[in-house]
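The values are calculated or read from the model by the stated rules, or taken from the named source; none is laboratory data. Given the structure is predicted, the values throughout are model-derived calculations rather than measurements. Positions of Cβ are backbone-derived with ideal geometry, glycine not excepted, and every protein chain shown enters the neighbour counts.
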């Protein structure tokens, strides 16, 4: 099959980018399964596949412009979030919604069954329980696995005081008497020196350390060494790529029941699903009884990039029959 992937940013990204890395893994998986892939993206992309670029000054080509970039012999085009053009193209298409957009995205996604989501919770949030979903997958070989853990817990996410639950993570770690390392970007640059920074600074100390944005070897080492990831997300998480990154590293996840978390975490096996801070404190005490190998196994069996590519191929074939 000849598959075109369209994304409005150049790939791979230099900094953290969950959606972007998922697309890179998808392309890798499709190619390893023997399919031809072309990426359409702005100038600057550099991946192991055919690439067709449009000028970076053009944020999103309009439908008539986009047509000239699509190879004539392509079978299907796969959009990622950028779904305002697809219905005007003369080629089968699918759009994966990776997050939660505004009302326009909700309205548009409910007009066609070619929209795909990234978890069962995600499609239900959009009010589309009959539409397909495909779990994100990663390449576990890119993550260091460790069964030996250091004496710290990890919060790795966008630094968002209440949405991602950083306030809970700090309170839980303090009450449990454990060391917490916090890593991640502030969710808006304008907030780095404003409200969002001050609550964090007030709580830093000997047992609560902010490592800043991390990537590469440092990120891998932090994930592998943590006794557990504390991820008290308080919004309907569409998926939670950071959770499977932790599992791939052999690190259990202490999280909430929000969004797709119950689809990723098996309570008492590779982490804990909690409703309150009290439950999280108890979970912190119980992580030593969890097997790091079970965490890794969960990713290798269910959330790997080949499984993701195979699931999308099945969808491509269905849409080609329409």
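Observations on the structure shown:
- Of all residues in the stretch 113-144, those being over 19 Å from residue 21 (Cα atoms), in contact (Cβ under 8 Å) with a residue 24 or more places away in the chain and assigned to a loop (DSSP other than H, G, I, E, B) number 3.
- Qualifying residue in the stretch 246-253 (condition: in the same structural domain as residue 159 (by TED's automatic domain parsing), part of a loop (DSSP other than H, G, I, E, B) and touching a strand residue (DSSP E or B) at 6+ places or on another chain (Cβ under 6 Å)): yes
- Counting residues in the stretch 218-238 that are free of Cβ contacts under 8 Å to residues at least 40 places away in the same chain, at negative phi and in the same structural domain as residue 173 (by TED's automatic domain parsing) gives one or more.
- Test: residue in the stretch 151-161 that is touching a strand residue (DSSP E or B) at 6+ places or on another chain (Cβ under 6 Å) and at pLDDT below 95: yes
- Residue list for the stretch 154-167, restricted to those being in contact with a helix residue (DSSP H, G or I) (Cβ under 8 Å, 6 or more places away or on another chain) and crowded, with 22+ Cβ neighbours inside 10 Å: 154, 155, 156, 157, 159, 166
- Apart from one condition, residue 151 fits all of (1) surrounded by fewer than 20 Cβ atoms within 10 Å (Cβ to Cβ); (2) more than 26 Å from residue 170 (Cα to Cα); the exception is (2).
- Residues of the stretch 145-165 that are within 23 Å of residue 256 (Cβ to Cβ) and part of a loop (DSSP other than H, G, I, E, B): 149, 152, 157, 158, 160, 161, 162, 163, 164, 165.
Residue-by-condition table, conditions (1) surrounded by 18 or more Cβ atoms within 10 Å (Cβ to Cβ); (2) modelled with pLDDT under 95; (3) within 20 Å of residue 313 (Cα to Cα); (4) assigned by TED's automatic domain parsing to the domain that holds residue 215:
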position	(1), (2), (3), (4)
86	yes, yes, yes, no
101	no, yes, no, no
134	yes, no, yes, no
147	no, no, no, yes
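- Counting only residues that are exposed (fewer than 13 other Cβ atoms within 10 Å of the Cβ), assigned to a helix (DSSP H, G or I) and free of Cβ contacts under 8 Å to residues at least 40 places away in the same chain, the stretch 263-316 holds 4 of them.
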